[in-house]
Amino acid sequence: MESLSVSKLPRRIIRLNELAYNLWWSWHWQARELFKSLDRFLWKATGHNPVKLLQQIEPCKLVAAAENHSFLKKYDSVMKDFDCDMSGIDTWFSKAFSRLPHCLVAYFSPEFAIHSSLPIYAGGLGILAGDYCKEASDCGLPMVGIGFMYPQGYFLQRISSDGWQEEIYQQLNFNEAPVSLVTISRGKPLTIDVPLDSRVIQVAVWQVNVGRVRLYLLDTNVDYNTPVDRQLSACLYAGDREMRLQQEIILGIGGVRMLRALGINPTVWHANEGHVSFMMLERVRELVGKGMDFREAVKRVRATTAFTTHTPVPAGNDTFAVDLVQKYFHSYWESLGMNRQTLLELGMQGADTSVFNMTVLGLRMAEYCNGVSKLHGGVCRQMWHSLWPDVEEKDVPIGSVTNGIHVPTWIAPQMAQLYEKYLGNDWLDDHDDPAQWEHVLDIPDEELWSARRWLKNKLISSMQNRARQRWCDDRVKSVQALAMGGLLDPEVLTLGFCRRFTGYKRAGLILSDTERLKSLLRSDLRPIQLIFAGKAHPHDGSGKHLIREVYNLATDPQFGCRIAFVEDYDMHTAQYLVQGVDVWLNTPRTLQEASGTSGMKAALNGVPHLSILDGWWYEGYNGANGWAIQNGTTPSMSADSDKVDADRLYNLLEEKIIPLYYDRDINGIPHGWIQVVKEAIRSNTPLFSARRMAKDYVEQMYLPAVLNIQYAETEASQLVSSGDKSQPSHESPELSVSAVPSAASQRNR
């Protein structure tokens, strides 16, 4: 393993190098404060990136730190905590499953968001995957992650003077990122061969340390490859359909081969979305290559595979033309022990034989399948019922594990201090226990209100600083600086709408009645202000038009400079927003928001949710912890339903939310509002934590999969001992267009 030297550190603090290369520091505030104390201004200038900080810091400051008693005390404390966590002793998993045989989960995902210093993510899918890796480290779940190293990431977003989104791609400087190139003997980079059509490309591997979890990222930028192939892993979700298929072949097939080359043999394989489903075919190929019958190989792979689907929106379920799949798999299906038609039918749904669906492949090849909220699980059973034509919809074997957030990553220090004071010093140890959150009610209203005001001031100050910097450094027009939040008021009720800009999320719902909106924004006594943030996919013209609509209103004096758009919504910006606004707004079309996690992060920090009753909010809303824009879950697809939802949204604001926020006592404390804040924290935090999510996956999917292995091995052993040398007898699945995964997968429901 090659580790880049970040600086010549004094021997007394030499392990700062090790700490910088483990993103454990990103969710431990004491570690962040340690790096920050070396040089506060440089820490901010480097984007809170300790690798870059240690490269650029003046050596004299490191020498001074190594001789400073106060710094050394903090250093020793942080390194002690780090070593304790890395030991893996006394974790939830080690205590709950101490007698469990070897267990290792391979978690495949097309993107991972760990920290903004490693910008290889686009949005919610990556954030979820990153949070899950961190939680796996915290609770001791043995896991490795497999994804892509995208040197150009997604894109930086800039809004032009006419309100149009501009995409800027920047090359990641590997020397300044917390990544290490995986090498073999004498420092030679490890490379994996992956077949693409009639050629073979080589793939390098980077390692990212996420606490105890190792994340392996594939990279095609290798000298052996052609210039075109070197760009295959350059950008996230870029290129045409053929390039997308090539990426998914590299990630699925190459990911398995990479693990084998590293000597890593997982017991459970988890596919995070259909983009990685080729991983399952490669494992079948391995078993067939060892002499196993194809149908038995499929059964073995299914038994140890979990599959999570994240969206009911068609664009999120990758499909490829059958001719294109045939082009890249014409020499592969023979190694699977199957013919062309059998392979293609694994990805076909119903009578449509023209496309190969990656979600269908994942559902067919995994024993344990789930949606990402209870409501989404039901939507999935309806969507994919045709794959199980012989069972009733309610019995379709797709369960649900509701998403959760990594609490230490998203909690504001000010809120963490309150929880420590009133819930106890060890509140993080059992933060998925609802009982301890009853003590939130003990927090004095004035203390909670003070923390909330401080966080909003911090948010608005950060937005104004960004606007000032863009005005001074980039010479944007003054009206653009105002549109970035230059005149926002920390005393005004502030709503945040921050998410990907695409049609079904309906960013324009609150803007639909401009006259009614003006009266809310420009009220003399009880005004509101709106903060928008989010990116549109580079090829999503309607999403870009939505951004332009918001921007035009933000620059229109009639709206009182009380609408702002924050450029380049990323993890760093998201933390300011989920911690600093007063209300988190979400207005998707009903049954199209699979889960959503940003509202969970907001609730953790005392920001109530105002949302359509969809995704996680269908489970989280209890009538006192926020507001539901509608009462049922009937799909809303028409312009009329948009108008109805908009009217309900305005009515809630005018009749309930605004009056409650501005109803203050003689000391300026809104006690009624604070009760909603407390209830949002109390009821949502433990149920929508990544800790709870990880435990659900272990108990509903991973543990049954490990027991499947034990059962298969025991059965084979019994057959051998009885003198039967043949393969164990299993009922062979029918692998055709009507093929269905084993009904045993209903265990995860």
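What fraction, in whole percent, of alpha-carbon pairs in the stretch 47-90 exceed 15 Å separation?
Working: 570 of 946 pairs.
For the stretch 47-90, the fraction of Cα-Cα distances above 15 Å is 60 percent.
Taking the alpha carbon gyration tensor of the chain, multiplying each eigenvalue by 5 and rooting it gives semi-axes of 42, 32, 26 Å, largest first.
Can you give the FRET efficiency for R475 and D513, using 1/(1 + (r/R0)^6), R0 = 41 Å, r = Cβ-Cβ distance, to the nearest 0.05? Could the numbers behind the result be given before it?
Working: r = 36 Å, r/R0 = 0.88.
Approximately 0.70, to the nearest 0.05.
Adding -39500 (n - 2.57) for every DSSP H run of four residues or longer, then dividing by how many residues the chain holds, sets the calculated 222 nm ellipticity at -11500 deg cm²/dmol. Phi angles of the stretch 464-470 translate, via the Karplus equation with coefficients 6.51, -1.76, 1.60 and θ = phi - 60°, into HN-Hα couplings of 5, 5, 5, 5, 4, 5, 5 Hz per residue; Gly and Pro are given as x. Placing pseudo-labels 7 Å out from each Cα toward the beta carbon at D90 and R522 gives an inter-label distance of 6.2 nm.
For A315 and L441, the difference between the fully extended length at 0.36 nm per residue and the C-alpha to C-alpha distance is 41.1 nm.
Can you give the FRET efficiency to the nearest 0.05 for Q30 and H572, using r as the Cβ-Cβ distance and R₀ = 22 Å? If you can, show how the numbers build up before the last one.
Values: r = 19 Å, r/R0 = 0.87.
Step by step, r from the Cβ atoms, then E = 0.70.
Per residue, what volume in Å³ does the Cα convex hull of the stretch 318-372 take up?
On the way: hull volume 5.0 nm³, N = 55.
Taking the convex hull of the Cα positions in the stretch 318-372, it is 90 Å³ per residue.
So if we plug the beta-carbon distance of Q171 and S450 into 1/(1 + (r/R0)^6) with R0 = 41 Å, what FRET efficiency do we get, rounded to 0.05? That gives a FRET efficiency of 0.40. Pairs of Cα atoms in the stretch 473-549 fall into 10 Å distance bins, from 0 up to the last occupied one, in shares of 16, 42, 35, 7, 0 percent.
Residues in the stretch 533-541 carry Karplus couplings, in order, of 7, x, 10, 9, 4, x, 9, 9, x Hz; the curve used is 6.51 cos²θ - 1.76 cosθ + 1.60 with θ = phi - 60°, and Gly or Pro positions show x.
What are the semi-axes of the equivalent ellipsoid for the stretch 559-675, taken as the square roots of 5 times the Cα gyration tensor eigenvalues, largest first, in whole Å? Working shown, then result.
Details: eigenvalues 108, 71, 49 Å².
Taking √(5λ) for each Cα gyration eigenvalue gives 23, 19, 16 Å.
One chain, two ends: V222 and E392. Fully extended at 0.36 nm per residue, the span grows by 56.2 nm beyond their Cα-Cα distance. Using the average count of surrounding beta-carbon atoms within 10 Å as a protection proxy, the listed peptides 500-511, 226-237, 74-85 rank, highest first, as 500-511, 226-237, 74-85.
If I compute solvent accessible area with a 1.4 Å probe over the protein chains, what percent of it on the stretch 527-582 is carbon and sulfur? Display every interim value, and only then the final one.
Values: 800 of 1600 Å².
On the stretch 527-582, the fraction of accessible area on carbon and sulfur atoms equals 50 percent.
The label-point distance for D433 and K8, in a model that sets each label 7 Å from Cα toward Cβ, rounds to 5.1 nm.
Report the antiparallel proportion of the DSSP beta bridges in the stretch 258-394 as a percent, rounded to a multiple of 5.
Numbers: 4 of 11 bridges.
Around 35 percent of the beta bridges assigned by DSSP in the stretch 258-394 are antiparallel ones.
With the simple model of a label 7 Å out from the Cα in the direction of the Cβ, K421 to I184 spans 5.8 nm.
Based on Cα contacts under 8 Å between residues 6+ apart, the stretch 587-711 shows a relative contact order of 27 percent.
How long is the gain from D352 to N457 if the chain were fully straight, where each residue apart is worth 0.36 nm and the alpha carbon distance is subtracted? Please list the in-between numbers first.
On the way: separation 105, 0.36 × 105 = 37.80 nm, distance 5.47 nm.
In short, 32.3 nm is gained.
For the listed peptides 271-278, 179-186, a ranking on the average number of other beta carbons within 10 Å per residue, highest first, reads 271-278, 179-186. Of all beta bridges DSSP finds with both residues in the chain, what is the antiparallel percent, to the nearest 5? Taking every DSSP beta bridge within the chain, about 35 percent pair in antiparallel fashion.
Across the chain, the relative contact order, built from alpha-carbon pairs under 8 Å that are at least six residues apart, equals 13 percent.
Can you work out D for the stretch 130-208 in µm² s⁻¹ from Stokes-Einstein, where Rh is the Kirkwood radius over C-alpha pairs, the temperature is 25 °C and the viscosity is 0.890 mPa s? Display every interim value, and only then the final one.
On the way: Rh = 16.2 Å.
So the translational diffusion coefficient is about 151 µm²/s.
Which part of the stretch 458-499 falls in the paramagnetic zone of E549, meaning amide N under 16 Å from the point 7 Å along Cα-to-beta-carbon? It comes to 497-499, nothing else.
Loop only by DSSP, 15 or fewer other Cβ within 10 Å of the Cβ. Give me the trypsin sites (Lys or Arg not before Pro) in the stretch 273-374 that pass, ordered by residue number.
Passing both the DSSP loop test and the Cβ count: K290.
The values are calculated or read from the model by the stated rules, or taken from the named source; none is laboratory data. In this text, all values refer to a predicted model and were calculated from it rather than measured experimentally. Here Cβ is always computed from backbone atoms with ideal geometry, including for glycine, and neighbour counts include all displayed protein chains. Surface accessibility is based on the protein's heavy atoms, side chains included, excluding ligands, DNA and RNA. Shrake-Rupley method; radii C 1.70, N 1.55, O 1.52, S 1.80 Å.
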